[in-house]
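Working notes, structure below.
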Amino acid sequence: MKPIEVTDDNFQKEVLESSIPVLVDFWAVWCGPCRLIAPVIEELAKEYNGKMKFAKLDVDVNPKTAMQYGIRSIPTLMIFKDGKVVSSLIGAVPKPKLVEEISKVLNS
C-alpha cells in the first residue's frame, strides 16, 4: 500500500472525512529531506495498512491546503483524526519517532 497523492481538490474527502487517522506528508519535489523521509513513509504505509491512511501533498502544486495549515517548512508531517490535526512533526523525523506518534494517535 503506497501513500496516496492528495490535492487541494480531494483533501476534504481523503483526509478530513477519512474514517481512519491520516498521516499527511507535506512535501515538494525540490526538497532533499522530503526525499530522505519518503521511503520511511512508504514502509509505514505498508505496516499500518488498514489502521491508518498515508497521504502526500505537494505544497508547490497545492498551495491552498499548505497555507490553510500554516506549512512553513517541509517536510511537515501532520496526523489528522476525525478531521482535526492531532500531531505535527517538522523535518526528516526518524522512523522510531514517527512510530511513537502514530501509536499515540491509534491508541487514543
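List the number of the failed condition for L57; all other conditions in (1) touching a Leu at 6+ places or on another chain (Cβ under 8 Å); (2) surrounded by 14 or more Cβ atoms within 10 Å (Cβ to Cβ); (3) not in a loop (DSSP other than H, G, I, E, B) hold. Here L57 meets the rest and fails (1).
For the range 1-18, the condition of being surrounded by fewer than 12 Cβ atoms within 10 Å (Cβ to Cβ), of a type in the set (S, T, N, Q) and either in a helix (DSSP H, G or I) or out of contact with any helix residue (DSSP H, G or I) (no Cβ under 6 Å at 6 or more places or on another chain) (or both) holds for none of the residues. Based on this model, can you work out whether A92 counts as part of a loop (DSSP other than H, G, I, E, B) and in contact with a helix residue (DSSP H, G or I) (Cβ under 7 Å, 6 or more places away or on another chain)? Considered against the rule, which asks whether it is part of a loop (DSSP other than H, G, I, E, B) and in contact with a helix residue (DSSP H, G or I) (Cβ under 7 Å, 6 or more places away or on another chain), A92 comes out as yes.
For the range 66-73, the criterion of being modelled with pLDDT of 95 or more, over 23 Å from K104 (Cα atoms), of a type in the set (A, V, I, L, M) and not in a strand (DSSP E or B) is satisfied by at least one residue.
Residues that are under 22 Å from K13 (Cβ atoms), surrounded by fewer than 14 Cβ atoms within 10 Å (Cβ to Cβ) and out of contact with any Gly (no Cβ under 9 Å at 6 or more places or on another chain) are absent from the range 39-47 altogether.
Among the conditions (1) without any contact (Cβ under 8 Å) to a residue 60 or more places away in the chain; (2) crowded, with 16+ Cβ neighbours inside 10 Å, the only one that P21 does not satisfy is (1).
Mind listing whichever residues of the range 81-100 are closer than 23 Å to F11 by Cα, of a type in the set (D, E, K, R) and without any contact (Cβ under 8 Å) to a residue 24 or more places away in the chain? Those that are closer than 23 Å to F11 by Cα, of a type in the set (D, E, K, R) and without any contact (Cβ under 8 Å) to a residue 24 or more places away in the chain: D82, K84.
Screening R72 against (1) surrounded by 12 or more Cβ atoms within 10 Å (Cβ to Cβ); (2) free of Cβ contacts under 8 Å to residues at least 40 places away in the same chain leaves a single unmet condition, (1).
The values are calculated or read from the model by the stated rules, or taken from the named source; none is laboratory data. Predicted model only: the values in this text are computed from it and were never measured. Neighbour counts are summed over all protein chains in view; Cβ atoms, including those assigned to glycine, are modelled from backbone coordinates with ideal geometry.
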